[in-house]
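Q: Sharing a structure here in C-alpha cells format.
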C-alpha cells in the first residue's frame, strides 16, 4: 500500500497532479481543497489512498492526513464511491464534512452532487460515531486560547459540575457552534450535563 508520496510536482490541474519520485511519475487524483492548498514550490508531500477495483488501480492524493481519513471514512459507506467522496472533499473542507456529519445536517451532505437523501442519511448513521472520534484528532477547530471556553468552564465549575466532564461537553458544543457566546455555550452544555 502506498501511504504517501514525496517528490517534484511535474503537472498540476484542479483534479489531478503528477509527482515525479526518482524518475517515476505518479498520477494522483486530488480534491479542489488539496489543489488550492498545494505549495508553490516544486517539492511536495501528498498523503495517498490506493483504490483497487477490478478494472482500475487509482491513486488519490491529499494535502493532509485528516482529509485522507475523512475520504476513507466516506468510501466505507455503501453507495459512496471514490469519485463521490472526492467530490464531497472538493465541495467542503474536511472540517465542514465532519461538522455536517456530527451535527446530522442532511441538507449539507445532500447538497453534494451525486448524493441523494437516503445516501446522506446513511453517511450520517454510519459515520457519526467515527467522525466524533476523528474530531479528537483534529483540535484545530477550537483554539487552546479560547476565552469563551475557559469562562464557560469556570462558570460550570462554580455551578458544581466536574471540570473534566464539563470540558468534554463544552468541547463538543464548540465543535458544532465554534462562534458561540459564553452564555450559549453554558446553556447548551447544561442540556448535555
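Q: Can you pull the one-decimal nm distance between simple spin-label points at residue 21 and residue 104, each 7 Å off the Cα toward Cβ?
A: Once both label points are built, they end up 4.2 nm from each other.
Q: Starting from the Kirkwood Rh over alpha-carbon pairs, what translational D in µm² s⁻¹ does segment 65-140 have by Stokes-Einstein at 4 °C and 1.567 mPa s?
A: My calculation gives 109 µm²/s for D.
Q: Something else now. To the nearest 0.05, how large is the calculated FRET efficiency for residue 83 and residue 184 if R₀ is 41 Å and r is the Cβ-Cβ distance? Please list the in-between numbers first.
A: On the way: r = 39 Å, r/R0 = 0.95.
After rounding, the FRET efficiency stands at 0.55.
Q: Now a separate question. Quantify how much of the Cα-Cα distance distribution of the chain extends past 25 Å, in percent.
A: 46 percent
Q: Just to verify a number: FRET efficiency for residue 10 and residue 172, C-beta to C-beta distance, R0 = 45 Å, to 0.05? Don't skip to the answer; put the middle values down first.
A: On the way: r = 43 Å, r/R0 = 0.96.
Computed FRET efficiency for residue 10 and residue 172: 0.55.
Q: Test of understanding: in a Gaussian network model of the chain with alpha carbons linked when under 10 Å, which of 74, 159, 174 would top the mean-square fluctuation ranking?
A: 159
Q: Scattering from the C-alpha atoms of segment 142-192 alone, worked out with Debye: what is log10 I(q)/I(0) at q = 0.14, 0.22, 0.30, 0.31 1/Å?
A: Debye output, listed in q order: -0.26, -0.67, -1.31, -1.40.
Q: Let me ask something else about it. What relative contact order, as a whole-number percentage, does segment 65-140 give when Cα pairs under 8 Å and 6 or more residues apart are counted?
A: Once normalised by length, the contact order is 32 percent.
Q: A further question on this structure: Can you work out the base-10 log of I(q)/I(0) for segment 8-120 at q = 0.13, 0.20, 0.22 1/Å, using the Debye formula on its C-alpha atoms alone?
A: For segment 8-120, the Cα-only Debye profile gives -0.49, -1.05, -1.22.
Q: Here's another thing I want to ask about it. Between segment 165-185 and segment 67-109, what is the C-alpha centre distance in whole Å?
A: Segment 165-185 and segment 67-109 have Cα centres separated by 23 Å.
Q: Something else about it: Provide 164, 72, 149 in ascending order of the number of other Cβ atoms located within 10 Å of each residue's Cβ, fewest first.
A: Ascending number of Cβ neighbours within 10 Å: 164, 72, 149.
Q: Let me check against my output: what whole-number percent is the relative contact order of segment 23-170, with C-alpha pairs under 8 Å and at least 6 apart?
A: Across segment 23-170, relative contact order equals 17 percent.
Q: Exposure proxy check: 29, 49, 57 ranked by fewest other beta carbons within 10 Å?
A: If I rank by nearby Cβ atoms, fewest first, I get 57, 29, 49.
Q: Would you calculate, for the chain, the mean residue ellipticity at 222 nm contributed by helices, counting each DSSP H stretch of 4 or more residues as -39,500 (n - 2.57) and dividing by all residues, to the nearest 500?
A: -15500 deg cm²/dmol
Q: Taking segment 4-62 on its own, what percent of its Cα-Cα pair distances exceed 16 Å?
A: Every Cα pair in segment 4-62 considered, those over 16 Å come to 37 percent.
Q: So how do 42, 95 line up by other beta-carbon neighbours within 10 Å, fewest first? Working shown, then result.
A: Values: 42 11, 95 17.
Fewest-to-most ranking of 42, 95: 42, 95.
Q: Compute the FRET efficiency between residue 163 and residue 128 as 1/(1 + (r/R0)^6), taking r as their Cβ-Cβ distance and R0 = 22 Å, and round to the nearest 0.05.
A: Step by step, r from the Cβ atoms, then E = 0.25.
Just so you know, all these numbers are worked out from the coordinates, no wet-lab data involved. Here the structure is a predicted model, which is why all the values come from computation and not from measurement. Cβ atoms come from the backbone with ideal geometry, glycine included; neighbour counts cover every protein chain shown.
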